[in-house]
Each structure stands twice: as structure tokens, then as C-alpha cells.
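Take a look at the structure below.
The values are calculated or read from the model by the stated rules, or taken from the named source; none is laboratory data. What you see is a predicted model; the values in this text were computed from it and never measured. Virtual Cβ from ideal backbone geometry, glycine too; neighbours counted across all protein chains shown. We work out accessible area using only protein heavy atoms, side chains counted, and drop any ligands, DNA or RNA first. Shrake-Rupley method; radii C 1.70, N 1.55, O 1.52, S 1.80 Å.
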Amino acid sequence: MVSNLYGVPTVKLLGVREMPMIGLGTYARKAEPGQFRQAVEWGIEAGYRLIDTASFYNNEVEVGQGINNKIKEGLVTREEIFVTTKLWNDRHAENQVVESLKESLARLNLDYVDLYLVHWPVSTNSKGEDTEIDYMETWRGMEKCCQLGLTKGIGVSNFNEEQLVRVFENSTILPEVNQIEINPTLIQSEMVRLCGDLGIIPVAYTPLGLISEARPEFIGKDIIKTDPGLGELAEKYNKTRAQIALRYLTQRGIPVIPKSFTKSRIIENFDIFDFELSAKEMDFVSSFNINHRCVPATAFKGLKNYPF
Ligand SMILES: NC(=O)c1ccc[n+]([C@@H]2O[C@H](COP(=O)([O-])OP(=O)(O)OC[C@H]3O[C@@H](n4cnc5c(N)ncnc54)[C@H](OP(=O)(O)O)[C@@H]3O)[C@@H](O)[C@H]2O)c1
């Protein structure tokens with residue numbers, strides 16, 4: 001059902017407030033000056049109402065400019081945009097969390113965000129060394145951000161099943177989402193089932209996975225890029241493989257946040273709500289699962305709360 005507020009299909013967080021089923025991802029290792037702002041502006045023009053950023057992405061200033069430009073132009077109001085940002089690993093002490101969100105808000109030039117996430121369960125100092133802070137301590141700081149009205153809701157990212165259950169069982173304010181990698185080659189059936197049981201929404205990052213042209217390094221695992229059956233399925237609906245992947249995820253009830261700097265792809269990725277895959281076609285897309293992580297975060301391996 002298309003939401004009155006956002007004009008796109010939405011999910012209900014904790015059964016209450018809405019979040020768009022599709023958002024614009026904004027992580028890039030490299031970018032030209034202005035590229036993040038431009039992508040956000042194109043995204044909002046194309047109909048995206050959810051924008052995903054993080055303090056780690058070093059782009060909150062430009063992301064905020066893009067959003068505020070479109071508000072100033074009168075294309076959207078602040079209420080019609082859902083903004084997610086994230087707390088980085090080196091600010092996990094309880095008394096650093098509120099301050100860190102305030103800094104993000106200053107960079108974004110916004111009074112509040114709609115969702116604030118603990119980016120990873122691991123904690124480090126600025127040199128990347130383990131500080132072993134319990135993420136439940138961090139969660140107390142997250143709850144404070146909610147109480148102060150700096151964010152409408154809070155959640156986690158990259159938490160494994162045990163970590164997610166622990167937050168769920170020990171929180172005063174419940175986590176609304178767990179943002180994790182999900183795509184046709186990493187379908188995450190168990191985590192998605194657990195989230196369903198807990199009433200937490202799994203959000204799919206890197207939703208294009210090995211379909212994305214950004215990942216030529218996985219030669220041999222990228223059958224999904226060449227499989228003729230998937231090609232035929234895309235052709236049947238007059239869609240691309242990327243659109244099939246995004247449709248597959250949203251049809252499982254999983255919101256997606258594909259990133260692109262390319263205007264035509266930003267538009268393409270949003271155009272997934274006018275067709276429906278059959279149960280058999282859903283199973284076919286699931287059959288590409290090889291439990292392959294595009295984002296294994298090996299740099300965090302060995303840290304106390306490394307999730308994978
Ligand atoms: N919480 C976390 O730890 C975490 C981790 C990773 C990502 N994320 C979030 O999730 C977002 C999405 O993940 P991601 O950026 O890793 O991967 P992604 O969205 O699956 O793929 C992005 C890449 O695919 C290309 N692309 C976009 N649309 C395409 C299409 N229709 N056909 C072919 N290629 C296409 C883009 O290229 P161009 O830009 O050149 O068009 C870009 O290189 C991030 O931007 C970030 O916001 C969060």
C-alpha cells in the first residue's frame with residue numbers, strides 16, 4: 001500500500017510509524033565534490049523519501065544540503081523525508097552517543113533524524129583498537145537520543161542473532177530495525193525469520209550484491225550476472241537484473257537502500273512497484289543464495305564483538 005505521507009509503499013516500525021520500503025544509500029569509497037548532494041537531489045526528485053547515511057560515510061554535510069535544497073524548493077517537507085544516520089564504532093561509550101548524534105545533526109543541518117543506528121556492535125578507539133565497550137552500554141546512550149527528541153527511533157546494524165536478541169531483551173526503548181547485508185546471493189533466511197519473530201524490521205544494505213557493477217572482483221561467484229534464466233525473468237517483466245533483486249527483497253517485506261551516483265540508475269532502482277514475482281519466481285531468485293558476504297568487515301575480525 002502506498003503511504004499518504006511518503007507516496008511509496010512503507011513498513012511499520014514496531015507496528016506504529018512508517019518507513020519507506022525503498023531508500024537511497026549514500027556510501028561510496030570515493031566521490032567527487034558535490035556528488036553526494038547531487039545523488040540525494042536526484043533521488044528526492046525521483047520519489048525516494050528515505051535517505052541512508054552515517055557519520056562514517058563522511059558525507060553528512062552534502063547529504064543534508066541535498067535534503068535541505070529540496071525542502072527549500074518546496075518539493076518536499078521535512079516530515080515527508082525519512083533520514084537515517086549511524087553512530088560510529090569509536091563513540092560507543094554511553095556519554096558519547098548523544099554528543100555524536102548532535103554532531104551528525106549539525107553536519108546534516110537538521111533538527112532531528114528519523115532513525116539512528118549503532119553502525120556495528122564492535123567498539124574501537126580512533127586507531128581501530130578494541131575498546132570492548134558493551135553495546136548494551138551504547139544502547140543506553142541511544143535511548144537517551146530518543147528521549148531528547150534528537151531521533152524518532154533507534155536501531156542497530158550488523159548485529160548477529162545473539163546480539164540482536166540481547167538488545168531486544170534488555171532495552172527500555174526497542175530497536176526498530178537491524179540493517180544488514182541482504183541480496184540474492186546472501187538471502188539471510190534465519191535472520192529475517194528472527195527479526196519477524198521479534199517485530200524488528202530487517203533492512204537490506206548492499207541489496208544488489210554481486211549484481212552490482214561495483215563488484216567485478218567476485219568473478220566465478222557472479223553467475224547471477226550472466227545466468228540466462230534470470231535474464232529471461234527480467235525480460236519477462238521488462239526490468240533489469242537489479243530491479244528483479246530489489247523487487248525480490250521488497251516482496252519479502254524487506255526495505256532496500258540501493259546506492260547510485262548515476263541518475264538513470266537512481267530512477268531505475270526506484271521503479272520496482274509495478275510488477276509482482278510469482279512464488280516460483282521468488283524461489284528461483286532465492287536459489288542464487290551462496291551465503292556470500294560482500295561486506296565481511298574483515299578489518300574488525302578479532303574484535304570482541306565481531307558479529308560474523
Ligand atoms: N550498515 C552498514 O554497515 C552498511 C554497509 C554497506 C552499505 N550500507 C548502506 O547501504 C547502501 C547500499 O549498499 P552498497 O552501496 O554497498 O551496494 P549496492 O547499493 O548494492 O550497490 C551500489 C553499487 O551498484 C551500482 N549500481 C547501482 N544501481 C545499479 C543498477 N541498477 N545496475 C547496476 N549497478 C548498479 C552503483 O554504481 P553507481 O553509483 O556508479 O551507479 C554502486 O557501485 C550504502 O550506500 C549504504 O547507505 C550500509
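I'd like the distance separating the alpha-carbon centroids of segment 120-173 and segment 1-60, in whole Å.
Using only Cα atoms, the two centres lie 22 Å from each other.
Over the chain, what is the relative contact order in whole percent, taking alpha-carbon pairs under 8 Å and six or more residues apart? Kindly include the intermediate steps, with their values, before the conclusion.
Numbers: 550 pairs, mean separation 56.4, N = 308.
Reported relative contact order: 18 percent.
Report the percentage of all Cα-Cα pairs in segment 176-308 whose separation exceeds 26 Å, rounded to a whole percent.
21 percent
Might you tell me the accessible area per residue for the chain, computed with a 1.4 Å probe and given in Å²? Before the final figure, lay out the partial values.
Values: 13520 Å² over 308 residues.
Per-residue value: 44 Å².
By a straight-distance test (C-alpha under 28 Å), which lysines pair with residue 304 as possible cross-link partners, with residues fewer than eight away in the same chain excluded?
86, 102, 127, 144
Please go through segment 195-269 and write out the GluC sites (Glu not before Pro) that DSSP classes as loop and that have at most 16 other C-beta atoms within 10 Å.
Listed in order of number, the matching sites are 213.
Multiply the residue gap between residue 111 and residue 301 by 0.36 nm, knock off their C-alpha separation, and tell me the result in nm, one decimal place.
64.8 nm
Show me the trypsin sites (Lys or Arg not before Pro) within segment 102-160 that DSSP assigns to loop and that have at most 12 other Cβ atoms within 10 Å of their Cβ.
Counting only loop positions with at most 12 other Cβ atoms within 10 Å, the trypsin sites (Lys or Arg not before Pro) in segment 102-160 are 127.
Could you size up the charge dipole of segment 28-72 around its Cα centre, putting +1 on the beta carbon of Lys and Arg and -1 on that of Asp and Glu, and report it in debye to the nearest 20?
20 debye
So which of 70/239; 152/263; 225/280; 30/225; 152/301 end up more than 26 Å apart, counting from Cα to Cα? It would help to have the intermediate numbers written out before the result.
Numbers: 70/239 29 Å; 152/263 30 Å; 225/280 20 Å; 30/225 24 Å; 152/301 32 Å.
As for pairs spanning more than 26 Å Cα to Cα, those are 70/239; 152/263; 152/301.
Report the calculated FRET efficiency for residue 96 and residue 276 (r = Cβ-Cβ distance, R0 = 51 Å), to the nearest 0.05.
0.65
Using a 1.4 Å probe on the protein chains only, how many percent of the accessible area of segment 46-99 belongs to carbon and sulfur?
Values: 870 of 1960 Å².
Carbon with sulfur: 45 percent of the solvent-accessible area.
To the nearest µm²/s, what D does Stokes-Einstein give for segment 135-226 at 10 °C and 1.306 mPa s, using the Kirkwood radius over alpha carbon pairs as Rh?
Working: Rh = 14.7 Å.
Result for D is 108 µm²/s.
For segment 6-90, state what percent of all Cα-Cα pairs lands in each successive 10 Å bin, counting from 0 Å until the bin that includes the largest distance.
Histogram of Cα-Cα distances, whole percents per bin: 17, 50, 29, 4.
Scan segment 256-308 for trypsin sites (Lys or Arg not before Pro) in coil per DSSP, keeping those whose Cβ has at most 11 other Cβ atoms within 10 Å, and list them by number.
Details: sites: 259, 263, 265, 280, 293, 301, 304; in loops: 293, 301, 304.
Sparse-neighbourhood loop trypsin sites (Lys or Arg not before Pro): 301.
Efficiency by 1/(1 + (r/R0)^6): what FRET value for residue 14 and residue 45, r their Cβ-Cβ distance, R0 = 51 Å, to the nearest 0.05?
So, using R0 = 51 Å, E works out to roughly 0.95.
Ordering 90, 274, 111 by accessible area with a probe of 1.4 Å, largest first, what comes out?
Output order, biggest surface exposure first: 111, 274, 90.
Could the peptides 50-62, 33-45, 161-173 be put in order, highest first, of the mean number of other beta-carbon atoms found within 10 Å of their residues?
50-62, 33-45, 161-173
What share of all Cα pairs of the chain, in percent, falls into each consecutive 10 Å distance bin?
In whole percents, the pair-distance histogram is 6, 28, 37, 23, 5, 0.
Using only DSSP helix segments of four residues or longer, with each worth -39500 (n - 2.57), what per-residue ellipticity at 222 nm results for the chain after dividing by its residue count and rounding to 500?
Calculated mean residue ellipticity at 222 nm is -11000 deg cm²/dmol.
Mind grabbing the accessible area of residue 118 for me, 1.4 Å probe, Å², rounded to tens?
My reading of the accessible area for residue 118 is about 0 Å².
In debye to the nearest 20, how big a dipole does the chain give about its Cα centre with +1 on each Lys and Arg Cβ and -1 on each Asp and Glu Cβ?
Working: 34 positive and 41 negative charges, 74 e Å.
So the dipole magnitude of the chain works out to roughly 360 debye.
Provide the percentage of antiparallel DSSP beta bridges, counting only those with both residues in the chain; round to the nearest 5.
The antiparallel fraction comes to roughly 25 percent.
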